[in-house]
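Scroll down for the structure; my scribbles are underneath it.
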Amino acid sequence: MKQSFLAAKTNMNAPADADCINAKLLTQAGFIKKEMAGVYSYLPLGFRVLEKIKKIIVEEMDNVGMQQTLMPALTPLENWKKTGRDNVDIAYRPTENTVLGFSHEEIVTPLIKEIMRSYKDFPKCLYQIQTKFRNEARAKSGLLRGREFIMKDAYSFHTSEEDFKQYYDKVAEAYFRVYERCGLESYKIEASGGIMSGEEKISHEYSVVTKAGEDTMVFCKKCGFAQNIEISKKRKGDDCPNCKNSLNEEKCIEVGNIFDLGSKYSDAFGFHFTDTDGKQKPVHMGCYGIGVSRLMGTIVEASHDENGIIWPQTVAPFQLHILSLRENEKAEEITSNLEEDGFEILYDDRNESPGKKFADSDLLGIPLRVVVSKRMLEKGCVELRNRKTGETQEIPTRELQKYISTYFMPIKK
Ligand SMILES: [Zn+2]
């Protein structure tokens, strides 16, 4: 895509109200625009990143047998009355009889109840990627704590606690894969109780180390042991209880949670099943969330430098950023050849100074930059720069395709 065509504009000055790195860099680079506290628009660059993150999540959730669905954001109040969550502080109530969903147990439970009656119908797990609403008193930290945000939420239904636990462990592994594929090192932390459930059931949070975190965890880099500092007796430098390695202590951001709902919601909606012995038994439920837009913000918090964002290859809006330094004819030829090979390219064809182009390129954070300049072309070369390592190489133009293939698979093939 030509950069002159792209609906995005960079700004070298940080927005005055940006209180954190992700809000600052994503706004400056033209990925998002703040509409009001905790509410953002996603511009084409930001949308591309979101779609890449969603694709990773969809692949991993489908892989553990979840089925994608889409429930409404606008939901009937009567459902929430059945669980006593009709008057929680975070609920938006646009009209007298409606709630904007902040979670979807109240919708999915009566929905699936119509489909599943016998033990033969179990287990099942439904998920969706959808916009959620929470009336946060203090919306802040860019995409980390929004009032409107994109979330993947999943709900599983089982005939026994044992079956639930087996599934829970499978999902727990899938979560690690999602974060790893997004270029993040995540830790699974034991948490106390589910969101607003008020019950002491198994539940875990996934956290990523970054300075912008609101929480602090003690963790072991060797075996993955991790606890929230608030509930842990362990401190930095103590021995890991599993492997005796010395523990670290860092600020972290929660990027997902999974928990045991027991029969709280199935009881509220009278969702029972007929077991093999002919008896009616309560359905055991699990719930699994990933904040998709929050994940995008977290990636920026975890991967940037003083010049801008450094996208991991897997979620970058484009694979290559080709910069023409007044050599548009040759740069266009290189771009169209590589696009034909299936690579995703942002091509800077703008009539801007080299300095401006380099600065914008660093800010946008596309993994590989290719500079097409007179000086390089005279040597039959282009300059290739890795955004993450800063490593720069001169590559013969005819070998560029082969060289780039060692970094990436073409996306479109
Ligand atoms: Zn350990």
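The values are calculated or read from the model by the stated rules, or taken from the named source; none is laboratory data. The model shown is predicted, which means the values in this text are computed figures rather than measured ones. As a convention, Cβ positions derive from the backbone with ideal geometry for all residues, glycine included, and neighbour counts pool all protein chains shown. With ligands, DNA and RNA removed, areas are computed over all heavy atoms of the protein, side chains included. Shrake-Rupley method; radii C 1.70, N 1.55, O 1.52, S 1.80 Å.
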How many residues does segment 224-246 contain that are within 11 Å of the ligand (Cβ to nearest atom), surrounded by fewer than 16 Cβ atoms within 10 Å (Cβ to Cβ) and small (G, A, S)? 2
Quick one: is S293 open to solvent by less than 10 Å² (accessible area, probe 1.4 Å) and more than 28 Å from the chain's Cα centre (by Cα)? no
Looking at K388, K357, K374 in this structure, which one is more than 16 Å from L323 (Cα to Cα) and basic (K, R)? K388
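Got at least one residue in segment 278-286 being of a type in the set (A, V, I, L, M, F, W, C) and within 12 Å of C182 (Cβ to Cβ)?
No, every residue in segment 278-286 fails to be of a type in the set (A, V, I, L, M, F, W, C) and within 12 Å of C182 (Cβ to Cβ).
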Pair list, Cβ < 7 Å and 6+ apart or interchain, from segment 237-254 residues that are more than 30 Å from R294 (Cα to Cα) to residues that are of a type in the set (K, R) and within 14 Å of the ligand (Cβ to nearest atom): C243/K222; N245/K222
Scanning segment 24-37 residue by residue, the ones that are modelled with pLDDT of 95 or more and part of a loop (DSSP other than H, G, I, E, B) total 3
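For segment 310-327, indicate whether the set of residues that are of a type in the set (S, T, N, Q) and part of a strand (DSSP E or B) is non-empty.
The initial filter retains those residues of segment 310-327 that are of a type in the set (S, T, N, Q), namely 313-314, 319, 324.
From what is left, the residues that are part of a strand (DSSP E or B) are 324.
Yes, segment 310-327 contains a residue that is of a type in the set (S, T, N, Q) and part of a strand (DSSP E or B).
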Which of the residues that make up segment 94-117 are surrounded by 14 or more Cβ atoms within 10 Å (Cβ to Cβ), within 29 Å of the chain's Cα centre (by Cα) and farther than 19 Å from Y288 by Cα? T98, V99, L100
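Which residues, counting only those in segment 102-124, are part of a helix (DSSP H, G or I) and basic (K, R)? Lay out the reasoning, then the answer.
Residues of segment 102-124 that are part of a helix (DSSP H, G or I), as a first pass: 105-113, 119-121.
Result: K113, K120.
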Per the filter on segment 72-93, residues open to solvent by less than 70 Å² (accessible area, probe 1.4 Å) and in a loop (DSSP other than H, G, I, E, B) are P72, A73, G84, R85, D86, V88, I90, A91
Out of all the residues in segment 388-405, which are open to solvent by less than 40 Å² (accessible area, probe 1.4 Å) and within 17 Å of S373 (Cβ to Cβ)? I395, P396, T397, L400
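Test K281 against the criterion of being open to solvent by 50 Å² or more (accessible area, probe 1.4 Å), touching a Ser or Thr at 6+ places or on another chain (Cβ under 9 Å) and within 15 Å of the ligand (Cβ to nearest atom), and give yes or no.
Numbers: open to solvent by 50 Å² or more (accessible area, probe 1.4 Å): yes; touching a Ser or Thr at 6+ places or on another chain (Cβ under 9 Å): yes; within 15 Å of the ligand (Cβ to nearest atom): no.
So K281 does not fit the description; no.
For every residue, the table says whether it meets (1) surrounded by fewer than 16 Cβ atoms within 10 Å (Cβ to Cβ); (2) over 24 Å from N22 (Cα atoms).
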position: E332; (1), (2): no, yes
position: N337; (1), (2): yes, yes
position: D341; (1), (2): yes, yes
position: L368; (1), (2): no, no
position: S373; (1), (2): no, yes
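Taking the stated definitions as given, is Y127 modelled with pLDDT of 95 or more and open to solvent by 30 Å² or more (accessible area, probe 1.4 Å)?
Values: modelled with pLDDT of 95 or more: yes; open to solvent by 30 Å² or more (accessible area, probe 1.4 Å): no.
In short, no.
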For D163, all conditions in the list (1) surrounded by fewer than 21 Cβ atoms within 10 Å (Cβ to Cβ); (2) modelled with pLDDT under 95; (3) of a type outside the set (F, W, Y); (4) more than 16 Å from the ligand (Cβ to nearest atom) hold save one; what is the number of the exception? (2)
With the requirement that a residue be within 11 Å of the ligand (Cβ to nearest atom), out of contact with any Cys (no Cβ under 7 Å at 6 or more places or on another chain) and open to solvent by 30 Å² or more (accessible area, probe 1.4 Å), what does segment 198-223 give you? K221
For segment 284-309, name all the residues that are part of a strand (DSSP E or B), of a type in the set (A, V, I, L, M) and touching a Ser or Thr at 6+ places or on another chain (Cβ under 9 Å). M285, I309
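Within segment 11-23, can you find the residues that are under 18 Å from the mean Cα position of the chain (by Cα) and either at pLDDT 95 or above or closer than 14 Å to L363 by Cβ (or both)?
Keep residues of segment 11-23 that are under 18 Å from the mean Cα position of the chain (by Cα), which gives 20-23.
Once the filter is applied, which keeps residues that are under 18 Å from the mean Cα position of the chain (by Cα) and either at pLDDT 95 or above or closer than 14 Å to L363 by Cβ (or both), segment 11-23 yields I21, N22, A23.
Okay, residues lined up against (1) open to solvent by 50 Å² or more (accessible area, probe 1.4 Å); (2) among the basic types (K, R); (3) away from the ligand (no atom under 16 Å from the Cβ); (4) in contact with a helix residue (DSSP H, G or I) (Cβ under 6 Å, 6 or more places away or on another chain):
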{"position": "K251", "(1), (2), (3), (4)": "yes, yes, yes, no"}
{"position": "G262", "(1), (2), (3), (4)": "no, no, yes, no"}
{"position": "G270", "(1), (2), (3), (4)": "no, no, yes, no"}
{"position": "E301", "(1), (2), (3), (4)": "no, no, yes, yes"}
{"position": "Q313", "(1), (2), (3), (4)": "yes, no, yes, no"}
